[in-house]
Amino acid sequence: MGEPGTPPMPERTPKALRAAIAQHAPQLLPDFDAHWKRYVADAYDISMVPAFMARWWGEYAIARDPRLDAHVTALEHRAAYECADPAEAKALLEEASDIRHMAARAEPGM
């Protein structure tokens with residue numbers, strides 16, 4: 001997944017993921033930190049960590065590749081703002097969803 005030169009996925013830990021986001025996709029960092037603080041750090045409940053990691057793992061996997069990120073954003077934008085045909089909008093959103101699911105399966109080092 002990703003173009004040549006796309007940074008590899010980090011170790012699958014919150015600390016490593018945060019460091020990768022800070023270095024390669026800093027636009028995600030404010031939302032990552034706010035989400036961590038609200039649902040994990042302030043909750044004192046580690047049961048939230050797997051869901052948190054799943055969401056942000058996929059977000060970073062896409063954001064680290066600017067071309068892929070732009071493609072997914074364009075699909076979602078077209079579906080929301082440019083499609084008059086519900087079937088076409090659904091197809092665009094399904095394509096974006098498929099990409100997000102694929103990104104979430106990225107392994108460390110990929």
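For the structure I just gave you, tell me whether R18 is free of Cβ contacts under 8 Å to residues at least 12 places away in the same chain and over 12 Å from the mean Cα position of the chain (by Cα).
Values: free of Cβ contacts under 8 Å to residues at least 12 places away in the same chain: no; over 12 Å from the mean Cα position of the chain (by Cα): yes.
In short, no.
Of the residues that sit in the range 1-37 and are basic (K, R) and exposed (fewer than 14 other Cβ atoms within 10 Å of the Cβ), which one is farthest from A63 (Cα to Cα)?
Of the residues in the range 1-37, the ones basic (K, R) are 12, 15, 18, 37.
Remaining after also requiring exposed (fewer than 14 other Cβ atoms within 10 Å of the Cβ): 12, 15, 37.
Details: R12: 16, K15: 17, K37: 21 Å.
Among those that are basic (K, R) and exposed (fewer than 14 other Cβ atoms within 10 Å of the Cβ), it is K37.
For the range 44-110, give me every one of the helices (runs of 4 or more DSSP H) that falls completely inside it and has 1 or more residues that are among the hydrophobic types (A, V, I, L, M, F, W, C), surrounded by 11 or more Cβ atoms within 10 Å (Cβ to Cβ) and touching a Pro at 6+ places or on another chain (Cβ under 9 Å).
So the answer is 49-63.
Going by what's in this entry, would Y44 be described as hydroxyl-bearing (S, T, Y), out of contact with any Phe, Trp or Tyr (no Cβ under 7 Å at 6 or more places or on another chain) and at pLDDT 95 or above?
The answer is no for Y44.
Within the range 57-67, which residues are in contact with an Asp or Glu (Cβ under 8 Å, 6 or more places away or on another chain) and not β-branched (V, I, T)?
To start, the set of residues in the range 57-67 that are in contact with an Asp or Glu (Cβ under 8 Å, 6 or more places away or on another chain) comprises 62-63, 65, 67.
Result: A63, D65, R67.
The values are calculated or read from the model by the stated rules, or taken from the named source; none is laboratory data. Note that the coordinates shown come from a computational prediction; the quantities given were computed from them, not determined experimentally. Because the Cβ atoms are built from the backbone with ideal geometry, glycine has one as well, and the counts that use them run over all protein chains shown.
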